[in-house]
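Written below as structure tokens is the structure these notes are about.
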Amino acid sequence: MVRVPRRAFLIGSILTGAGVLASCSASGAATGVPVTATSPAVRRLEQQRRSPGQQVASARLTPRPVEVDLGGRIVSTWSYDDQVPGPLLRARAGDLLRVEVDNQLPVETSVHWHGLALSNDMDGVPGLTQDPIAAGDRFVYEFTVPHAGTYFYHSHSGLQLDRGLYGALIVDDPAEPGDYEHEWIVVLDDWLDGTGRTPDDVARELGIGTGMGGMDHGAMDMGGMDMGEETMLSPLLGGAGDVSYPHFLVGGRVPDDPMVLTAAPGQRARIRFVNAAADTAFRVALGGHRMTVTHTDGFPVVPQDTDALLIGMGERFDVLVTLSDGVFPLFAQAEGKTGYGQAVVRTASGELPIQPRPDELDRRVLLGTDLAPREYVRLAERDHDLYHSVDMGGTMSPYRWTLNGRAHPNSAPLNVNEGQRVRMRMRNMSDMFHPMHLHGHTFALTDTGLRKDTVTIGPMRTVEIEFDTDNPGQWALHCHNAYHQEAGMMTTVSYLA
Ligand SMILES: [Cu+2]
């Protein structure tokens, strides 16, 4: 069932000033007509990124219906190449990545390359940067990969992300020393497809697209939070989700039959965490260890030690750990929900502790916004040319999530011109967290300079970001909760010229 937490929506009580809910408030104004994905400016920029000796990394992805074994649980779902997660894709910074997608799904699809500042026509947003790939059709994505780091790819069509249509994409930096013996790619997910309902069933239960409230709305009162057991609340994130899931996966497996990562005591491992979930943030810890965070969303940070890490949907973190002697749970608590995912790190024979939940989860928990950037990835000091405000809100009845009071596809674009420094204030006016993701750019948080492409914004919190408009096109800006996005929480950063 869909569990809808009671929430206060405070837009009315807080924003009484005239004009605040206007479609977009900006200082400075961009002028011109939209630069579309097929514009010469987009093509020219990609030509400049190409180089004569450029290496080509080729791959093929076949999305199709499949039965997948999640570790003793067989489910019917849709995935890439019959596996969950999809195949690992790997390239080096500067390479040309060429991926042929052979759509064997019964419906149209698309592939988005999450976090990459790539050519707009290859960004994989149907209706914005390309036509959807029809059932039975093929499409070749081909673009220069700009930056090293931990990324992922996923369908950007409807709720296909909440099936099995995602996989990790690692971009290597040939100059990086790689001071570790093991590299483990750990993809996290919340799972319900094939367990009696599909993500489309859930959308119907929530009331997405029907103009109606969800099935649980009869008893709802919009005035405050309910502390009852059906709410999903996190002390760190407030409302922690709209959907309850029967399974949480680490590396595509349920905890009963987990992914096992083996090493020798004293060795170092780089763990690349990707949260591919649709509606779940994860609190992650490795029992008996502290982790040193080295990167988030592909970009390096000042290394920081922590016991646990909170990862919003669409966020990635790289950590280094020096492994102790024994068997340890790599534990992913579904934040604010009941349930967890788990892998096992093994440097010795023996069994996992009977109670695998590590104490580290309740010690220091680091959020992405707690990190500081390495100096060399800071944006250059510069005054902003343009200021945009994005207010995030929603209602539960009807189930509708908005940016500046409007729901996609009726949202107002945020216009920019090329060559500008844009400052953008994102205000969360709801009591639920939203991981906000900007396509095609890695922005900086104004207060710390931290580089991110997905920032988790807690309830009633404001985050201000800056970015340089150096990648012309039409770029989605949206909440990475798949159901919020589907219910309207998406707009476009639109280059004009
Ligand atoms: Cu959201």
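The values are calculated or read from the model by the stated rules, or taken from the named source; none is laboratory data. The structure presented is a predicted model; accordingly, all values stated were derived computationally and were not measured. In this analysis, Cβ positions are derived from the backbone assuming ideal geometry, glycine residues included, and neighbour counts consider all displayed protein chains. In case anyone asks, the SASA skips ligands and DNA or RNA and just uses the protein heavy atoms, side chains included. Shrake-Rupley method; radii C 1.70, N 1.55, O 1.52, S 1.80 Å.
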Report task. Considering (1) modelled with pLDDT of 95 or more; (2) touching a strand residue (DSSP E or B) at 6+ places or on another chain (Cβ under 7 Å), say which one Q47 fails and leave the rest. Result -> (2)
Report summary line: Over segment 414-440, the set of residues away from the ligand (no atom under 16 Å from the Cβ), open to solvent by 10 Å² or more (accessible area, probe 1.4 Å) and under 21 Å from the mean Cα position of the chain (by Cα) is R425
Report task. Only residues that are assigned to a loop (DSSP other than H, G, I, E, B) and either more than 16 Å from the ligand (Cβ to nearest atom) or farther than 26 Å from G449 by Cβ (or both): list them for segment 477-497, please. Result -> N481, A487, G488, M489, A497
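Residues that are among the small types (G, A, S) and under 24 Å from A203 (Cα atoms), at least 2 per element: which strands (runs of 3 or more DSSP E) completely within segment 375-476 meet that?
Values: elements: 386-396, 399-403, 414-417, 421-428, 434-438, 443-445, 454-457, 462-468.
Passing ranges, in order: 386-396.
Got at least one residue in segment 383-406 being more than 14 Å from the ligand (Cβ to nearest atom) and without any contact (Cβ under 8 Å) to a residue 40 or more places away in the chain? Break it down into steps so the answer makes sense when it comes.
Here is the first cut: in segment 383-406, the ones more than 14 Å from the ligand (Cβ to nearest atom) are 383-389, 397-398, 404-406.
Next cut, without any contact (Cβ under 8 Å) to a residue 40 or more places away in the chain only: 383.
Yes.
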Query raised in the report: Of all the strands (runs of 3 or more DSSP E) wholly in segment 260-374, which have at least 1 residues that are more than 30 Å from G158 (Cβ to Cβ) and open to solvent by 10 Å² or more (accessible area, probe 1.4 Å)?
Result: 260-262, 268-275, 291-296, 299-306, 316-322, 327-334, 340-346
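Could you please let me know if T446 is within 16 Å of the ligand (Cβ to nearest atom), more than 17 Å from G238 (Cα to Cα) and hydroxyl-bearing (S, T, Y)? Spell out how you get there, then give the answer.
Numbers: within 16 Å of the ligand (Cβ to nearest atom): no; more than 17 Å from G238 (Cα to Cα): yes; hydroxyl-bearing (S, T, Y): yes.
Considered against the rule, which asks whether it is within 16 Å of the ligand (Cβ to nearest atom), more than 17 Å from G238 (Cα to Cα) and hydroxyl-bearing (S, T, Y), T446 comes out as no.
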Query raised in the report: Within segment 34-92, how many residues are within 20 Å of V171 (Cβ to Cβ), part of a helix (DSSP H, G or I) and open to solvent by 20 Å² or more (accessible area, probe 1.4 Å)?
Result: 3
Report task. Among what's in segment 397-409 and is open to solvent by less than 70 Å² (accessible area, probe 1.4 Å) and within 25 Å of S157 (Cβ to Cβ), pick the residue that is modelled with the lowest pLDDT. Result -> P398
Query raised in the report: Among the residues of segment 239-259, which ones are over 22 Å from E205 (Cβ atoms), open to solvent by 10 Å² or more (accessible area, probe 1.4 Å) and in a strand (DSSP E or B)?
Result: R253
